[in-house]
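Undergrad: Below is a structure I'd like to ask you about.
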Amino acid sequence: MALLELKNVSLIYHSHDGETEAVSDVSLTVGEGEFVSVVGPSGCGKTTLLGVIAGLIAPSGGEVLIKGRPVSEARNMTSLMPQRDQLFEWRSVFRNVTLGPEIKRDKSKEICAYADELLSKYGLYEFRKKRPSELSGGMRQRAALIRTLVTRPELLLLDEPFSALDFQTRLTVCDDVENIIRKEGKTAVLVTHDISEAISMSDKVVVLSARPATVKKVYDITLDKSISPLKRREQKSFPVYFRSIWKDMEVHHE
Ligand code: ADP
Ligand code: MG
């Protein structure tokens, strides 16, 4: 059974100055343990789509199933890593990564121990009492990822998680994040407008059209998953995927 299934999902925003169709008839499936990227031009409806998958926005049409159950009944099975890391400066790193359970009054010993385990496994244990501003951009991103992992979600949703980083940092953080997600055996949906990032990190790339987002094409990425995303960029078929997806995303001026 697919872990995540979208069946003919659509979303229309209603506001006082009219309607905006953001997502139109999107169907896709994500298997257990799969890393899927969704690419599309800015403003096409990517964040909206993630919101629908996370159960934060009710779709106007269609349905979202997680392990065959409607997402509205499976809210705690997903965890969203937002576009900006949203670490709070007045809290220590540890208290940032355990914020979710703390709000839900569910900060159990087990969750704290798991947070510490993840912090130490991914090089942040010595920083657990520091403030976010004392971390590098890459370390902040790792902390934000650990925060989404502490509740042991079935499905990770990442919304352009690297967009605030400079290019160099971005490359190493991509490697980092991909490594952590695969090591923890998680299923992930990553949204980005960066084609290279999508190809280098994923098992599958879903290309969306301009707004309203529809699925234009789905690529199975057969690059070597035993090497890092950065190294995958040097593989022969990488530019072949790139050119093809670039073409799919080209804006046609009439
Ligand atoms: P992306 O993440 O791909 O850049 P979004 O999903 O944020 O795109 O937005 C898709 C479209 O929906 C945009 O035209 C945006 O202006 C519109 N939109 C986003 N959020 C809302 C909202 N809360 N109300 C009305 N329109 C919105
Ligand atoms: Mg967005």
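Undergrad: Please verify whether Thr98 is at negative phi, at pLDDT 90 or above and either away from ligand 2 (no atom under 16 Å from the Cβ) or open to solvent by 20 Å² or more (accessible area, probe 1.4 Å) (or both), treating the condition exactly as stated.
TA: Against the criterion (at negative phi, at pLDDT 90 or above and either away from ligand 2 (no atom under 16 Å from the Cβ) or open to solvent by 20 Å² or more (accessible area, probe 1.4 Å) (or both)), Thr98 qualifies.
Undergrad: How many of the residues making up the stretch 78-95 are modelled with pLDDT of 95 or more, among the charged types (D, E, K, R) and open to solvent by less than 60 Å² (accessible area, probe 1.4 Å)?
TA: Count: 1.
Undergrad: Also, I was wondering about something else. If the requirement is being in contact with a Ser or Thr (Cβ under 9 Å, 6 or more places away or on another chain), open to solvent by less than 20 Å² (accessible area, probe 1.4 Å), more than 16 Å from ligand 2 (Cβ to nearest atom) and in contact (Cβ under 8 Å) with a residue 60 or more places away in the chain, which of these qualifies: Ile53, Ile66?
TA: None of the others qualify; the one that does is Ile66.
Undergrad: Is one or more of the residues making up the stretch 116-123 out of contact with any strand residue (DSSP E or B) (no Cβ under 6 Å at 6 or more places or on another chain), at positive phi and either surrounded by 17 or more Cβ atoms within 10 Å (Cβ to Cβ) or at pLDDT 90 or above (or both)? Outline the logic, then answer.
TA: Keep residues of the stretch 116-123 that are out of contact with any strand residue (DSSP E or B) (no Cβ under 6 Å at 6 or more places or on another chain), which gives 116-123.
Keeping just the survivors that are at positive phi gives 123.
Add one more test, that the residue is either surrounded by 17 or more Cβ atoms within 10 Å (Cβ to Cβ) or at pLDDT 90 or above (or both), and what stays is 123.
Taking every residue of the stretch 116-123 in turn, at least one turns out to be out of contact with any strand residue (DSSP E or B) (no Cβ under 6 Å at 6 or more places or on another chain), at positive phi and either surrounded by 17 or more Cβ atoms within 10 Å (Cβ to Cβ) or at pLDDT 90 or above (or both).
Undergrad: Cβ-Cβ below 8 Å, separation at least six or inter-chain, first residue in the stretch 113-130 and farther than 22 Å from Thr172 by Cβ, second in a loop (DSSP other than H, G, I, E, B) and of a type in the set (A, V, I, L, M): which pairs?
TA: So the pair list comes out as Tyr114/Val150; Ala115/Val150.
Undergrad: A further question follows. Tell me, which residue of the stretch 1-32 that is under 21 Å from Asn76 (Cα atoms) and modelled with pLDDT under 95 is least open to solvent (accessible area, probe 1.4 Å)?
TA: Result: Ala2.
Undergrad: Suppose we keep only residues that are β-branched (Val, Ile, Thr) and assigned to a helix (DSSP H, G or I) within the stretch 63-93. Which one would you say is farthest from Leu165 (Cα to Cα)?
TA: Val71
Undergrad: Does Arg105 satisfy the criteria of being assigned to a helix (DSSP H, G or I) and open to solvent by 80 Å² or more (accessible area, probe 1.4 Å)?
TA: Judged against the criteria, Arg105 is not a match.
Undergrad: If you don't mind, there's one more thing I want to ask. Quick one: in the stretch 192-232, of everything that is without any contact (Cβ under 8 Å) to a residue 40 or more places away in the chain and β-branched (Val, Ile, Thr), which residue is farthest from Leu28 (Cα to Cα)?
TA: Ile227
Each row is one residue, and each column tells you yes or no for (1) under 18 Å from Ser163 (Cβ atoms); (2) within 17 Å of the chain's Cα centre (by Cα).
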| position | (1), (2) |
| --- | --- |
| Glu21 | no, no |
| Val26 | no, no |
| Val30 | no, yes |
| Val36 | no, yes |
| Thr47 | yes, yes |
| Gly51 | yes, yes |
| Pro59 | no, no |
| Asn96 | no, no |
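The values are calculated or read from the model by the stated rules, or taken from the named source; none is laboratory data. These numbers come from a predicted model, not from an experiment. Here the Cβ is made from the backbone with ideal geometry for all residues, glycine too, and neighbour counts use every protein chain on show. Side chains included, ligands, DNA and RNA excluded: accessible areas come from the protein's heavy atoms. Shrake-Rupley method; radii C 1.70, N 1.55, O 1.52, S 1.80 Å.
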